[in-house]
Structures are given as C-alpha cells and as structure tokens.
Amino acid sequence: MPPTFDFDFKFQQGFQGRYTFPTGLFINGEFVDSVDKETIDVVNPATGAVIATVSAGNEKDVDIAVQAATKAYKSSWGLKVSGLERGKLLFKLADLIERDVEEISCIEVLNVGKPYLATRHRETIGASNYIRYFAGLAGKLHGKTVEIDESIMAYTRYEPLGVVGAIIPWNFPLFLLVWKLAPALAAGNAIIIKPSEITPLTTLRLCKLFNEAGFPPGVVNVITGTGQAAGAAITKHMGIAKVSFTGSTAAGRHVMSSASSSNLKSVSLELGGKSPSLVFDDADLEQAVRWTAAGIFTNAGQMCYGGSRIYVQEGIYDKFLESFLAFVQKSKVGDPWDSSTTYGPQVSQAQMDRVLDYIDIGKKEGAVLARGGFRVGDLGYYIEPTVFTEVKQDMRIMKEEIFGPVVALAKFKNEEDVLEMANGTMYGLAAAVFTKDVTRAIKMSNELEAGTVWVNMTLRLQPSMPFGGYKESGIGHDLGEEALRSYYNLKSVHINLGGRL
Ligand code: NDP
C-alpha cells in the first residue's frame, strides 16, 4: 500500500478538519508504491516536525512511468485529441484547483512555510490562471505554408514531442509545476513530474484533480524521490524527449550533461540568479524602497529572480538606506498562519544553515551588517531579513546566490559604473531599474544582461511573458508562447506537385 498524508488540522483562519490523500508514486492514473518500497519524510519548516512520508522512486519507477506515458501518448493523447479538447481539460483543472483553493493552499503552507494569505491569493489562484493562459493557447500554434514555386508545396507543422520530464524545485512548488505542466499538456505531450523531495505535497494533492479533470491515465505521472535517483533517471531516460528543469546552476549542469550523454533530449534550464536593482537619484524613493525590499525578502528570499544586489546612486544613497532599513524594520518574520506575518521560514534546516553560513562569510569579508544576520527563535528555520552595506564587487555575498533573506547594498556614481557592476556576474536572470527618466530606463534595460528587466517595479511576471535567463542563469524559457513552442517538434513537409526527376 502506498503511504498516505493524513493530517488533522485546526488553523488560525478557522479551518479545521482532516486532509488525507495518498503520497505514493502516481503512475497511469493510480497511486502505487515505489518498486523498492523506499520512502522520504517531509518536514514542516515552521516547526521542524515530520508531517508526511512519501514514496521515493528511482530509475525502475521512472521506467515504468515512461512506459505508461508512452502508451497513453500513443493511444489517447497527443494529436489524437484536438487542441480544443486539451484546452478544455486544462480549463477544468484550473477550476478544480480554485474549488479546492483552501486545502491546496494550506498544504503548501504546511510544507513550504509560506505565509497563508499570499499563498492563497498569489500562488494557488495564480497557478489556476497560469493554467488558463496555456489552456487558451492549446491548438493555436500553427505551422505555415511556405511559397517555393509551382512544382512544390511546402508547409511546417508543430507536433508534440511525446513524453517530457519536469523537475521542480522547492521554492514555488505549485507555481513552478504549472509553468511546466500546462504548456507541456497544451502541446499534447505526456509528462513525468519530479517534485523536490522537500516539497512534494501539493503536487501529490493535485493528482486526484488530474483524474477528475479527465486527463487519460498515463498522461500525467508523478515520481517523488531524490534528485540523485528519480531526477537523474528522468534526465537520462531514452524514452523522454525533453526535460524542463528549475533549480541550482550546479544541478542544471548535471541535467544538461546527462541529456547529452543519453538521447540528446532537449533541455530547458531555469537556474540561479544574483539580480541587481539599480536605483537612480531621480527615482521615486518611497516606491523604490518598497519594490526593492519586496524584491529580495518575499518568500523569505528564496527566489531565483530575487533582487539580492541593490546599487544606489550616490546622491540618494543615505536617504535610501535610512528608508530601506525603516521599511524592513516593519516586516514581521514568523508563523505563516498569522495574518500579520510578512515572511516565513527557510524551507529546510540545510537551507537555513547555508544562508547563515553566507551571513558569516559576509561579516568575515568586511561588509557592514546594517540589520538582521541571525536566526529567529529555535523552533523552525526562521532568519531575520539581513542587510549588508558597503559590499564590494569581489565579495562572495555580492557574487554568489544565497537564496535567502540577505541583500547586499553598494553605491554607484553613473550609468557606466553601475552597468559594469550589475553585469559583472555569471548570472543573468533578472534586473530592475528605478528612475523617472524614460530614456535612461530604456537605455539601461537594453544594456542589462538579464532575461527579464523591470522598470520601477520588481517580481511581477505574466503568463504571456517569457521567463528565462542569460549567461549561466539558464537556457530556454518558461511562460509565454515561447514556452509552448519548446514542447513541440517542428516538421517541414515538401510536396512534389508534378515535377519529374
Ligand atoms: P537543486 O537544484 O539541487 O534542486 C532542484 C531540483 O532538482 C529538485 O527537484 C532536486 O531534487 C533536483 N535535482 C537535484 N540534483 C539533480 C540531478 N543531478 N539530476 C536531476 N535532478 C536533480 O536545489 P537545492 O534544493 O539543492 O538548493 C540548493 C540551491 O539551489 C539553493 O540554495 C539555491 O541557490 C538554488 N535553487 C535555485 C532555484 C531556482 O529557482 N532557480 C530553486 C531551488 C534552489 P531533490 O530536491 O528532490 O533532491
């Protein structure tokens, strides 16, 4: 029998009852044990308590899932089902997620430690809307006829890849799942999903909705387990045509090398970042403070596109720093269920230790610790929002991804000076510019080496806007038509209209 999540809950919001659902592997529309019957414990980061046990799959399980997915793809999915029908199933899935919004949000809060209200409104409802975007696009990406001459007719045609893999990290488990699931299914692929071993619960909770929405068994499969076993098995499986991965640059390198040494499957990699925010003298100071603070501390700083470097022009540096510290002072780190909480815990003991190590490194390197820098309480994995100033370009806290509530501030003189600093890392995921001068905003946006640039804001993403990285922040895109396109093969057809050899 596969394990089960069984949780009696009574939350401050007034919900109480019992959530129960299987936590085995989801293959061919059913929950099953892993072949080797191994399991992993899942922890609530707000308390450190074990809240569930899930199956841990490996290459044997991935192989079974790929067989089921291939069969489903060939017999009852892919181009056998019209885009309109695929879209209808995705719309249904989005509606079911909204129907179960409380339960799904509560499970995400329990597993990831995110504040409840933001999780409900931004992530669960947000996930439904991202699915709807791709549901609407299903079947709408067309090939074209190409003029050659009267003897030849030629056209291109988009065809699904077949079976694809999705490897999901722990920082936005539900959100990042739908970023990959929705375009993959809209294009007509079957999918094998591997959630993070730390945060598998919302993905597992969604499985009964995949069935209820009407996806044929085998079209969506979930293999929980470690990156080393289940993740690596997906990247090297010969029956998987593409892997879409989000996670660290280090793991991304493994994914790419494994894809290249197996069947040369296509990969899309959304990796780390060290995103700069540039605040010019003419910026709206109050707005710049709010957006840059949210840009780094939201989700307890665990964001690939987090604005972890803030460069402030000399003329407003002192005022900015004073307002920034005062603003952050008003935030509250604590219980995710408390509606006054701004930031919850780090996702795991390992992640908390890693962030605290970086804080030590920053102090030893000689950066000035302007606030924070410590663990909050001794239950759960909370860290106080931390601000370092006078951070030099060559310090590790200015160069390396910390992935926690730690920001590095530095001054700049002019546009050339700040561009050199902003572009001076191996990463290129996102950047933000704060200025009232539209010419400067456009010039800076053009010059910044980043896949996403925000002007006078941070963090906001749209389902219709592609999201991907420059340099070592990744390859390919999630979201937008570009993401949908990446789940297809493009075929060129040449037809002889009577020409003889
Ligand atoms: P990883 O990159 O290791 O994990 C991301 C996902 O990849 C998880 O599902 C993981 O599995 C899986 N994975 C790990 N190794 C492999 C592999 N060899 N082959 C296939 N899949 C693999 O992130 P960590 O959890 O270790 O976090 C470490 C750091 O990574 C963070 O501090 C942060 O800097 C960065 N990170 C970046 C993210 C982003 O959004 N760009 C998201 C998360 C982390 P499992 O977890 O089950 O082992």
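Observations, loosely collected:
- Across the stretch 276-462, the relative contact order, built from alpha-carbon pairs under 8 Å that are at least six residues apart, equals 28 percent.
- Positive dipole terminus of the chain, leading residue within TRP77, GLY306, LEU501 (C-beta point charges): LEU501
- Overall shape: prolate for the stretch 356-436, with the ratio a/c of the largest to smallest alpha carbon gyration tensor axis at 1.5 or above and a/b above b/c.
- A simple packing score, the average count of other Cβ atoms within 10 Å per residue, orders the peptides 456-466, 241-251 as 241-251, 456-466, with the highest score first.
- Leading residue at positive end of dipole, the stretch 12-138 (Cβ point charges), from GLN67, LEU96, ALA138: ALA138
- Using Cβ point charges alone (K and R +1, D and E -1), the dipole size of the stretch 1-145 about the Cα centre works out to roughly 920 debye.
- Over all projection directions, the Cα-based convex hull of the stretch 248-289 averages an area of 4.4 nm².
- Share, in percent, of DSSP beta bridges within the chain that are antiparallel, nearest 5: 50
- For the stretch 135-269, a simple Cβ point-charge model (Lys and Arg +1, Asp and Glu -1, everything else neutral) yields a dipole of about 440 debye relative to the Cα centre.
- Remark: the stretch 276-462 carries a charge dipole of roughly 260 debye about the Cα centre, counting +1 on each Lys and Arg Cβ and -1 on each Asp and Glu Cβ.
- Relative to one another, the C-alpha centroids of the stretch 463-498 and the stretch 182-230 are positioned 22 Å apart.
- Surface calculation, 1.4 Å probe, protein heavy atoms: PHE31 sits at approximately 50 Å² accessible.
- At least 15 Å along the helix axis (C-alpha) and Kyte average at least -1.0, DSSP helices within the chain: 59-76, 83-99, 101-112, 125-137, 173-186, 201-213, 249-261, 285-297, 314-329, 349-365
- In the stretch 276-462, a dipole from Cβ-located charges (positive for Lys and Arg, negative for Asp and Glu) runs towards its positive end, and of ALA431, VAL418, SER331 it is SER331 whose Cα lies farthest in that direction.
- Packing-based order for 440-446, 423-429, using average beta carbon neighbours within 10 Å, highest first: 423-429, 440-446
- Over the chain: helical MRE at 222 nm, DSSP H runs n ≥ 4 each giving -39500 (n - 2.57), nearest 500: -11000 deg cm²/dmol
- The residues HIS237, HIS477, HIS121, sorted by heavy-atom accessible surface at 1.4 Å with ligands and nucleic acids left out, run HIS121, HIS477, HIS237 from largest to smallest.
- Using only Cα coordinates, the Kirkwood hydrodynamic radius of the chain works out to 23.6 Å.
- Within the accessible area of the chain (1.4 Å probe), percent carbon and sulfur: 53
- Rotationally averaged projected area of the stretch 276-462 (alpha carbon convex hull; nm²): 10.2
- Fraction of the pair-distance distribution of the stretch 247-323 above 18 Å, Cα-Cα pairs, percent: 54
- The residues neighbouring SER277, those whose beta-carbon lies less than 14 Å from its own, together hold a net charge of +4 under the Lys/Arg +1, Asp/Glu -1 convention.
- Charge tally for GLY307 (other residues, Cβ to Cβ under 14 Å; Lys, Arg +1; Asp, Glu -1): +3.
- When you restrict to C-alpha pairs under 8 Å that are six or more residues apart and normalise by the size of the chain, the relative contact order lands at 17 percent.
- For the cross-link pairs LYS364/LYS399; LYS140/LYS265; LYS180/LYS265; LYS60/LYS236; LYS37/LYS60; LYS80/LYS180, the ones whose C-alpha atoms lie over 18 Å apart are LYS140/LYS265; LYS80/LYS180.
- Karplus (6.51, -1.76, 1.60) ³J(HN,Hα), θ = phi - 60°, over the stretch 489-500, in Hz, Gly and Pro reported as x: 8, 10, 10, 9, 10, 10, 10, 7, 9, x, x, 9
- Between the stretch 440-461 and the stretch 1-31, the Cα center-to-center distance that results, in Å: 42
- Once the convex hull of all Cα atoms in the stretch 151-244 is built, its volume per residue stands at 114 Å³.
- Between ARG460 and VAL50, the contour length at 0.36 nm per residue exceeds the Cα-Cα span by 144.3 nm.
- Per residue, the convex hull spanned by the Cα atoms of the stretch 1-61 amounts to 102 cubic angstrom.
- Averaged per residue, the stretch 198-306 has 29 square angstrom of accessible surface, using a 1.4 angstrom probe with ligands and nucleic acids left out.
The values are calculated or read from the model by the stated rules, or taken from the named source; none is laboratory data. Bear in mind the structure is a predicted one, so any value in this text is a computation, not a measurement. Backbone-built Cβ (ideal geometry, glycine too); neighbour counts: all protein chains shown. The protein model used for the area step is the full one, side chains on, heavy atoms only, and it has no ligands, DNA or RNA in it. Shrake-Rupley method; radii C 1.70, N 1.55, O 1.52, S 1.80 Å.
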